[in-house]
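Working notes, beginning with the structure itself.
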Amino acid sequence: MDREAYRNCCSLVKIPRQSYEQFWSSHFVDYIDKEMSYPKFFKKYLLPNHPCMFSKRFTEDWKCRKQWVTEEGKPNFQKLLQEFDDTPVPVANCNAKEYNANPKQVMPFKDFIHYWKEYIQNGHSSPKGCLYLKDWHMSRDFPEHNVYTTPVYFSSDWLNEYWDTLEVDDYRFVYMGPKSSWTPFHADVFRSYSWSANICGRKKWLLYPPGQEDFLRDTHGNLPYDITSAELRDRGLFPHAEEACQPLEIIQEAGEIIFVPSGWHHQVYNLEDTISINHNWLNGCNIDIMWQFLQNELSSVQKEINEWRNTMDSWHQHCQVIMKACSGIDYREFASFLKIIADNRMAFLNACSSGDSSEYSRHVSESLTTLGPYHAAFDLQRVAHIIECLLCNEDFKRLDHSTLTLQPETMLQQIRDIIQSTRGQHLLYQE
């Protein structure tokens, strides 16, 4: 991030997002074929929360695009088997519905490839259904492979930074699916951003701008499993479906990367045998969307078990437990998440002052060094804003603050001190 972008952003409390009306009747997104500066991407796509597509030139040097793909542009099953063989992988059945998703099983990678070959030979059909290897943590299982590089545009990634620090999880995935495999209608975890790169094959994306999904709810308030289903024409079941805009339909070719912004619900089809890499990620531009999502999730839980409110002394605590079980995070862990992000940036800015980078990990160091002190300062201001929101939130106030890793008032003061200090040393005013 450069000084101009920082100055434009540092006074922001609420991120100003432009209307999504331009996407209600459009069938086009910006196509990026030439190198773009990070500040331009930040200003044009991250802040306004708008989608775009990057051309295949941004992935042409990735090892996986050479090693995992045949000269004909098909999945290289032989090479993939050499690399992954007996590795257990998660596989979904696209022909089965479990709640609003596809049920999964774990199978050896070689068994999935055997199935996939038979599926192709059988005219892209199988009595086993249409199986789709998805949400595989390949990078976590094989950290030494280094078969792709995260583009700089997506490198301000708080979500994976947090989980890498804890060393227990990540949100970096590999998908491998035959023609006709698909993913039902959804929005991404915590309302994060996502980027998805086709290593080979083609996808069709159906995207709805934030807010349009509410028109697609049924009479019980549930979102559809399949937005192409004839059910949506039943006004008795989906009374407002006709009010929704048409989805933004995007065809993604081999090598291309799509940027899917926060809260854009989508449904995705593999038009050919396809391999893709996907990251979910969060940063200072959409942390407010995550915080709103968490508040909405907790509110839903509270409404669901409201009848027991006056019969349980620990009702509010139970709401947090249920929320974490459903959403993967509660307010306590969200506070810990903010603390780690803030600590890393304060350590980075201190290191910029002292020249000592030993206080934080090499991976975090590379990302923060690439993005620079302006970005670290912007991140800290966004963390500070969310902490201020937490301090005003009645449900957060009910937590036992003595057990939190984040002490909100202390962290706020530390953030203000470090930004003031780095300004005093002119770190944030260098050309």
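Assuming 0.692 mPa s and 37 °C, estimate D for the chain with Stokes-Einstein, Rh taken as the Kirkwood radius over Cα pairs, in µm²/s. List each step's numbers first, then the result.
On the way: Rh = 23.4 Å.
After rounding, the answer is 141 µm²/s.
Pull up the cross-link candidates among the aspartates and glutamates for Lys40, meaning alpha carbon to alpha carbon under 15 Å and not fewer than 8 places away within one chain.
Counting by Cα, and skipping residues close in sequence, Lys40 has these aspartates and glutamates nearby: Asp2, Glu4, Asp30.
Does region 172-308 classify as rounded, prolate or oblate by the C-alpha gyration tensor (a ≥ b ≥ c root eigenvalues; a/c under 1.5 gives rounded; else a/b over b/c gives prolate, otherwise oblate)? Walk me through the intermediate numbers first.
Working: a/c = 2.17, a/b = 1.32, b/c = 1.64.
The shape class here is oblate.
Could you name the aspartates and glutamates whose alpha carbon sits less than 13 Å from that of Lys128, not counting residues in the same chain fewer than 8 places away?
Straight-distance partners of Lys128: Asp111, Glu118.
Cα gyration tensor of region 114-230, axes a ≥ b ≥ c as square roots of the eigenvalues: rounded (a/c below 1.5), prolate (a/b > b/c) or oblate? Walk me through the numbers on the way to the answer.
Details: a/c = 2.08, a/b = 1.08, b/c = 1.92.
It comes out oblate by the Cα gyration axes.
Would you please name the GluC sites (Glu not before Pro) within region 63-159 that are DSSP coil residues with at most 11 other C-beta atoms within 10 Å of their C-beta?
Working: sites: Glu71, Glu72, Glu83, Glu98, Glu118, Glu144; in loops: Glu71, Glu72, Glu144.
In loop regions of region 63-159 (DSSP not H, G, I, E or B), the sparsely surrounded GluC sites (Glu not before Pro) are Glu71, Glu72, Glu144.
Based on the alpha-carbon gyration tensor of region 259-353 and its eigenvalue square roots a ≥ b ≥ c, which shape applies: rounded if a/c is under 1.5, prolate if not and a/b is larger than b/c, or oblate? All intermediate terms of the calculation are to be shown ahead of the outcome.
Details: a/c = 2.88, a/b = 1.20, b/c = 2.39.
Taking the square roots of the gyration eigenvalues as a ≥ b ≥ c, region 259-353 is oblate.
With the calculation restricted to Cα positions, what are the radius of gyration and Dmax of region 43-90 in angstrom?
For region 43-90, the Cα-based Rg and Dmax read 16.1, 44 Å.
Please work out how much accessible surface Thr219 shows to a 1.4 Å probe, ignoring ligands, DNA and RNA, in Å² rounded to 10.
My reading of the accessible area for Thr219 is about 80 Å².
So which of Lys117/Lys179; Lys74/Lys97; Lys56/Lys104; Lys56/Lys203; Lys74/Lys204 end up more than 19 Å apart by C-alpha? Before the final figure, lay out each step's value.
Numbers: Lys117/Lys179 12 Å; Lys74/Lys97 29 Å; Lys56/Lys104 31 Å; Lys56/Lys203 14 Å; Lys74/Lys204 17 Å.
Pairs exceeding 19 Å: Lys74/Lys97; Lys56/Lys104.
Cα atoms only: what Rg and Dmax, in Å, come out for region 286-424?
Reported Rg and Dmax, both Å: 17.4, 58.
If amide H atoms are built 1.01 Å from N in the plane of the peptide, which residues on other chains or at least 5 residues away come under 5 Å of the amide H of Asn76?
Sorted by chain and number, the residues that satisfy this are Val69, Thr70.
The values are calculated or read from the model by the stated rules, or taken from the named source; none is laboratory data. None of these values were measured; they are calculated from a predicted model. Because the Cβ atoms are built from the backbone with ideal geometry, glycine has one as well, and the counts that use them run over all protein chains shown. Just the protein is used for accessible areas: all its heavy atoms, side chains included, with ligands, DNA and RNA removed. Shrake-Rupley method; radii C 1.70, N 1.55, O 1.52, S 1.80 Å.
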